[in-house]
Each structure stands twice: as C-alpha cells, then as structure tokens.
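The values are calculated or read from the model by the stated rules, or taken from the named source; none is laboratory data. Please read all numbers here as calculations on a predicted model, not as lab measurements. All Cβ positions, glycine included, derive from the backbone under ideal geometry; neighbour counts span all protein chains shown.
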Amino acid sequence: MSTRWIIVGLLSLLTTIIHGVLFSTFAGDTVEPFALDLWFNIREKISAPEVPKDVVLIGMDEQSYSILDIPMTEIWPRDVHAKLVEKLAAAGAKRVVFDILFLDRSTDQAADQKFAQALKKMESVLGSEIYVRQESTLGGTFVLEEYQEPYDKFVESSTAALVGLPAEQGRIRRFYTARPRQFEEIPTLAEAAAGITQQNQPGLPSKRDFINYYGPPGRIATFYYSRVLEDEHPLPMEEIFKDKIVIVGLVLRTEIGPAQKDVFLSPFVGRRIYGSEVHATLTANLLQKDWITRGSFMGEFASLSICCFIIAMII
C-alpha cells in the first residue's frame with residue numbers, strides 16, 4: 001500500500017472521529033434540527049405535503065375578541081364556549097379539544113353551568129398543566145411539581161390533557177414525551193385529541209422523533225371563533241365540522257396579552273406559530289402516523305460515520 005493511501009486513510013479516519021465527537025455533543029443536537037428546518041422549507045417550495053382533513057382549528061383571533069366584545073387581556077366567558085360546543089355537537093363534530101385552561105370556577109356560575117352542560121353533549125378534551133415551583137426551607141431549595149386540572153364540574157364529562165409543549169431554542173420540534181413519572185399516565189392534548197388512551201402503548205413517537213410540519217402557519221384549516229358563532233350568515237357547519245376533531249385556541253396576528261407565552265418560532269423562515277396550531281399538527285401526525293421517525297442514537301451514529309468515512313476517502 002502506498003504512502004499516499006495510508007495518509008488518505010488516516011485523514012479519513014480523523015475526519016470520521018471529528019464527526020463522531022461533534023455528533024455526540026450539543027453541536028450535533030443543534031445542527032440536525034436546523035437541517036430539518038431547511039428541509040421543511042425546501043419541501044414546501046418543491047412539493048408541499050397534503051394536509052390531513054380530519055383536524056380543523058377554531059382560532060380565537062383579534063376579530064373575534066372585537067366582535068364578541070372581549071378585552072384582549074381577559075378570560076373568555078364560559079357561556080361563549082358553551083355556545084360553541086353546542087353548535088359543534090349539533091354539526092356532528094367528533095371531538096372538541098380546548099387548548100385552554102379552565103382551572104377553577106369563574107365569577108359567573110351560571111356561565112359555568114352552561115359550559116358544564118354543553119360538554120356533556122359531545123366528546124371533549126380540556127387543557128391541564130404541570131406547574132413547577134420552587135420552595136425554600138432551612139434544608140435547601142426544592143422543586144415541586146403540581147398537577148393543575150380543570151374545574152371538577154367540567155372534568156366530570158371531559159378528558160383532562162396536558163397542554164405543555166417542549167420548546168427547543170424557541171421552537172417546538174418534538175412530542176411531549178418526557179413527562180414526570182407521577183404524571184406519565186395523563187395524556188397530552190394531542191394524544192387525547194387523537195383518541196389515544198394508553199400513553200405507553202407501542203407505536204407512539206419517541207423522545208428522538210420529530211414533528212412533521214405540513215407547511216407554514218395557517219396550512220391547517222382554520223375558522224375564526226366569531227365566524228363559527230355567527231347566526232346571521234352561518235357557516236355550513238355540518239359540511240365543515242362533521243366527524244372532525246376540532247382544536248380551539250389562540251391564533252392571533254400579534255403577541256400581546258395572553259398570546260405572549262403561547263407563540264413559538266416555526267421551522268419556516270420568518271413565521272411564528274401558536275401553540276393551538278402545533279397541537280393540531282401533533283394530532284394530525286398521530287392520526288396519520290406520519291411523524292418523522294428516527295433510528296437509535298447508535299444506529300444513526302454508525303451509519304453517518306460510515307458515510308463520512310466514504311466521502312472523505314473519495315474527496
């Protein structure tokens with residue numbers, strides 16, 4: 001074997017080792033998701049995927065706040081939500097999913113009662129969350145995790161599900177799989193929306209898998225809240241909502257008031273996405289089983305290292 005080939009082999013091996021080190025560190029965890037973002041943007045221009053039709057979004061937008069005379073910084077009256085649920089039930093919607101927390105009784109008990117009665121008319125999912133707080137004592141500081149579920153009158157006829165989303169550099173790239181052990185039996189909003197009742201069953205996304213975004217924000221069919229409630233010029237409700245899973249949540253053009261903590265960077269350049277549309281995307285992924293599945297860490301490491309070595313040898 002000539003000296004040249006020995007040098008080429010050693011340099012290729014060195015390149016492969018450097019790749020392996022980078023792949024195993026934070027650099028690898030950072031580069032791969034951004035490469036996926038690039039792929040989403042390229043795919044959108046070349047051949048945009050078909051968007052599943054069985055999930056629709058009802059957005060609480062600025063126009064709805066204005067038409068329904070609800071201040072942007074205040075909680076929506078629950079009798080308004082009751083009217084929405086009743087209309088969806090009459091239209092034959094399969095399930096209504098609120099990306100909203102109803103943690104306690106409101107000051108309007110009559111509105112609470114209307115909402116509780118409406119929830120009995122169809123399958124419904126209400127948001128819950130795991131609240132993390134710190135407690136300081138003489139023995140040190142402790143982190144406590146508390147489960148906050150919907151008001152008991154509502155949860156009697158609904159499924160409580162976690163609204164949390166795992167952000168990475170301001171983006172939601174993966175499913176919410178790393179739940180505390182004591183809460184792992186509680187479904188996520190998307191799991192409950194998709195009708196998944198056993199969180200540990202095989203065939204669900206792993207912590208390494210990625211969300212498959214179907215396109216930029218707005219790609220999933222969205223109808224604004226006030227338009228759905230309009231009676232003078234009603235929408236063809238059955239045509240739109242029959243047998244559909246309906247996600248309800250914020251979809252604003254601004255990031256003020258309640259929207260500040262529920263908006264994220266999307267994979268698409270210059271576009272932001274609200275949590276409600278992320279939940280709708282997750283639900284569609286689970287129904288279609290088309291999330292982006294990854295192999296094991298060692299499998300990816302070995303295959304990429306071999307490719308790196310071969311490319312280095314050729315170059």
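Structural remarks
- Restricting attention to region 165-186 and to residues that are farther than 18 Å from residue 145 by Cα and in a loop (DSSP other than H, G, I, E, B), the residue that is modelled with the lowest pLDDT turns out to be 169.
- Residue check, residue 59 surrounded by fewer than 17 Cβ atoms within 10 Å (Cβ to Cβ), at pLDDT 95 or above and closer than 23 Å to residue 242 by Cα: no
- Qualifying residues in region 31-56 (those that are touching a strand residue (DSSP E or B) at 6+ places or on another chain (Cβ under 9 Å) and not in a helix (DSSP H, G or I)) - the one surrounded by the fewest Cβ atoms within 10 Å (Cβ to Cβ): 54
- Residue within region 225-242 that is assigned to a loop (DSSP other than H, G, I, E, B), modelled with pLDDT of 90 or more and closer than 21 Å to residue 119 by Cβ present: yes
- Pick from region 263-290, criterion of a type in the set (Val, Ile, Thr) and touching a strand residue (DSSP E or B) at 6+ places or on another chain (Cβ under 6 Å), ranking: surrounded by the fewest Cβ atoms within 10 Å (Cβ to Cβ): 263
- Residues that are hydrophobic (A, V, I, L, M, F, W, C) and either within 18 Å of residue 81 (Cβ to Cβ) or free of Cβ contacts under 8 Å to residues at least 60 places away in the same chain (or both), drawn from region 38-62: 38, 39, 42, 46, 56, 57, 58, 60
- Flag for residue 118 being assigned to a helix (DSSP H, G or I) and without any contact (Cβ under 8 Å) to a residue 40 or more places away in the chain: yes
- Boolean, residue 196 is over 21 Å from residue 293 (Cα atoms), in a loop (DSSP other than H, G, I, E, B) and touching a Leu at 6+ places or on another chain (Cβ under 7 Å): no
- Boolean, residue 189 is within 19 Å of the chain's Cα centre (by Cα) and either under 30 Å from residue 67 (Cβ atoms) or at pLDDT 90 or above (or both): yes
- Considering the conditions (1) in contact (Cβ under 8 Å) with a residue 24 or more places away in the chain; (2) part of a loop (DSSP other than H, G, I, E, B); (3) not acidic (Asp, Glu), residue 128 is excluded by exactly one of them, (2).
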